[in-house]
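Single-structure report; data block below.
Rule-based calculations on the coordinates, nothing more; no lab input. Quick caveat: nothing in here was measured; it's all calculated off a predicted structure. Here the Cβ is made from the backbone with ideal geometry for all residues, glycine too, and neighbour counts use every protein chain on show.
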Amino acid sequence: MFFNRWYTQKEDGYVVLLGVLIVGAIGISVMLSLLLLGLGSSRTSFAEEQSFQAKALANACAEEGLQQIRDTTSYTGSGGLTIGQGACTYAVTSQGGSNRTVAATGTVGTMTRRVTVIINAITPLITATSWQEV
């Protein structure tokens, strides 16, 4: 009789220990899942922010190209800017007469965005017929 009671209490201890281990394993897996989801979300947000910054830089370089045309109406050439964490380049090409194309590229980290501006008049005002991301 004494042996049976001791044996039963020992089994109850193993059952409790096994239950604690199972609940702990489930808790750890849930915690790891939440941690990995948060890390993935953080990476996505960082990439999205870099993409927005690269687009802003591409637009800034396109504006710089237009300013160069404003300063010198016969301007064709290229240049670039470095602002903050990124850099951009632009190239102004003549399509004949007052028609010009400004191609700008902005890069931040691994993100690159491109903008093309087509203008058909320079004086008295620069008239853009198209400003689009390519």
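Some values worked out for this structure:
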| quantity | calculated |
| --- | --- |
| Phi-based couplings in Hz for the stretch 112-127 (Karplus 6.51, -1.76, 1.60; Gly and Pro marked x) | 10, 10, 10, 10, 10, 10, 10, 10, 10, 8, 10, 10, x, 10, 6, 10 |
| Choice from Gln95, Gln53, Gln68 with maximal GNM fluctuation in the chain (Cα, 10 Å cutoff) | Gln95 |
| Residue-span extension gain [Trp131 to Ala47] - 0.36 nm each, minus C-alpha spacing | 27.8 nm |
| Rel. contact order, % - alpha carbon contacts under 8 angstrom, at least six apart, the chain | 18 percent |
| Residue (of Leu81, Gly65, Met111) at the positive-pole extreme of the chain, dipole from beta-carbon charges | Met111 |
| Hz values of 3J(HN,Hα) by residue in the stretch 82-95 - Karplus curve (6.51, -1.76, 1.60), Gly and Pro given as x | 10, 10, x, 8, x, 8, 9, 9, 9, 9, 9, 10, 8, 10 |
| Magnitude of the charge dipole, the stretch 2-133, Cβ model with Lys/Arg +1 and Asp/Glu -1, debye to 20 | 140 debye |
